[in-house]
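The values are calculated or read from the model by the stated rules, or taken from the named source; none is laboratory data. Note that this is a predicted model, so its numbers are computed, not measured. Ideal geometry is used to build each Cβ from the backbone, glycine not excepted, and the neighbour counts take in all protein chains shown. For the accessible areas, the whole protein counts, side chains as well, though only heavy atoms, and no ligand, DNA or RNA atoms are used. Shrake-Rupley method; radii C 1.70, N 1.55, O 1.52, S 1.80 Å.
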Amino acid sequence: MNTNLIETHDLWKTYGDETPVHALRGVDLQIPEGDFVALIGPSGSGKSTLLNLLGALDAPSRGRLHFAGRQLDYSNPEALVDFRRRHIGFIFQAFHLIPALTALENVMMPLAPFRRQLDFDLKERATELLQAVGLAERLGHYPGQLSGGERQRVAIARALINTPQLLLADEPTGNLDSVTGDEILTLLEKLHHESGLTIVLVTHDLSIARRARRILRMQDGRLLDD
Ligand SMILES: Nc1ncnc2c1ncn2[C@@H]1O[C@H](COP(=O)(O)OP(=O)(O)OP(=O)(O)O)[C@@H](O)[C@H]1O
Ligand SMILES: [Mg+2]
């Protein structure tokens, strides 16, 4: 537990040239392996920007990010794609499932192109994950045939298909009613407790944030002291 899974050093992100927006202004952050962090703060304070950098979906304008002790190298886009595929799971407010694919196919999708190189059966693993999120009876359903909570469960199973070290969740309960949102949180807590999965969760909802192990507050592109 002493090792930090994530360390950032003076992370800056500036969008645009003519009228630059400094979305992050020097973020220093340590996230130990096995942590469960909630990130809260006003709209526009930089939460999604930070989450995208933690998941290597985007590169910082300045500063460094270390993942499991290794500094991310932004000069090689293919290596970044590979890094994400190996280590990161992402879930979003709007689920981002593919409507023309069944629940099972959606979960298999991230690794489908690599199916032959895997040392496990992809369909079997996807089925197990859907069982684990309580959707054993919905494998063949399309997203349009699922409730919001069920769609987010499919998205969680999809995010876990690569056995990520880090699960990033950007307002995963934002489109759900409070009871369904609670159920999604219970599922994330279970993943955190049972498999020691490291989770960073962005939320506007304090009652959701309080269920994490610690809360980080952002304002104007900076992390406030605890
Ligand atoms: N692609 C982009 N191009 C230009 N500006 C951007 C871009 N993405 C974000 N920004 C700006 O950066 C700032 C931080 O945005 P970010 O999306 O990280 O905020 P947030 O804390 O996630 O807000 P919310 O709670 O509304 O989701 C905002 O001022 C936003 O307008
Ligand atoms: Mg956001």
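Would you confirm whether any residue within the stretch 173-194 is in contact (Cβ under 8 Å) with a residue 60 or more places away in the chain, closer than 29 Å to HIS9 by Cβ and open to solvent by 70 Å² or more (accessible area, probe 1.4 Å)? No, that holds for no residue.
Being in contact with a strand residue (DSSP E or B) (Cβ under 7 Å, 6 or more places away or on another chain), over 29 Å from GLN131 (Cβ atoms), among the basic types (Lys, Arg) and more than 16 Å from ligand 1 (Cβ to nearest atom) narrows it down to one of ARG64, ARG70, so name that one. Quick ask: steps written out before the conclusion?
Details: ARG70 fails: in contact with a strand residue (DSSP E or B) (Cβ under 7 Å, 6 or more places away or on another chain).
ARG64 is the lone residue from the list that is in contact with a strand residue (DSSP E or B) (Cβ under 7 Å, 6 or more places away or on another chain), over 29 Å from GLN131 (Cβ atoms), among the basic types (Lys, Arg) and more than 16 Å from ligand 1 (Cβ to nearest atom).
Being of a type in the set (A, V, I, L, M) and over 18 Å from the mean Cα position of the chain (by Cα), is that true of even one residue in the stretch 160-180? Yes. When you go through GLU18, GLU7, GLU78 one by one, which is the residue that is within 19 Å of the chain's Cα centre (by Cα), of a type in the set (Asp, Glu) and more than 16 Å from ligand 2 (Cβ to nearest atom)? When all the criteria are applied, what remains is GLU7.
Within the stretch 1-29, being within 26 Å of THR173 (Cβ to Cβ) and not aliphatic (A, V, I, L, M) holds for THR8, LYS13.
Those helices (runs of 4 or more DSSP H) of the stretch 55-141 in which 1 or more residues are open to solvent by less than 70 Å² (accessible area, probe 1.4 Å), within 28 Å of ILE184 (Cβ to Cβ) and of a type in the set (Val, Ile, Thr) occupy 103-108, 122-132. A Cβ distance below 8 Å, combined with a sequence gap of six or more or placement on separate chains, defines the contacts here; from the stretch 38-52, residues that are polar (S, T, N, Q) and within 6 Å of ligand 1 (Cβ to nearest atom) reach residues that are assigned to a strand (DSSP E or B) and at pLDDT 95 or above in the pairs SER45/MET218; SER45/GLN219; SER48/ASP170; SER48/VAL202; THR49/LYS13; THR49/ALA23; THR49/LEU24. Residues of the stretch 153-184 that are in a helix (DSSP H, G or I), modelled with pLDDT of 95 or more and of a type outside the set (D, E, K, R): VAL154, ALA155, ILE156, ALA157, ALA159. Whenever a residue of the stretch 111-131 is of a type in the set (A, V, I, L, M), its partners that are open to solvent by 100 Å² or more (accessible area, probe 1.4 Å), lying with C-beta atoms within less than 7 angstrom and at least six residues away or across chains, give the pairs LEU122/ARG115.
For the stretch 185-226, what are the residues that are basic (Lys, Arg) and assigned to a strand (DSSP E or B)? Of everything in the stretch 185-226, those that are basic (Lys, Arg) and assigned to a strand (DSSP E or B) turn out to be ARG214, ARG217, ARG222.
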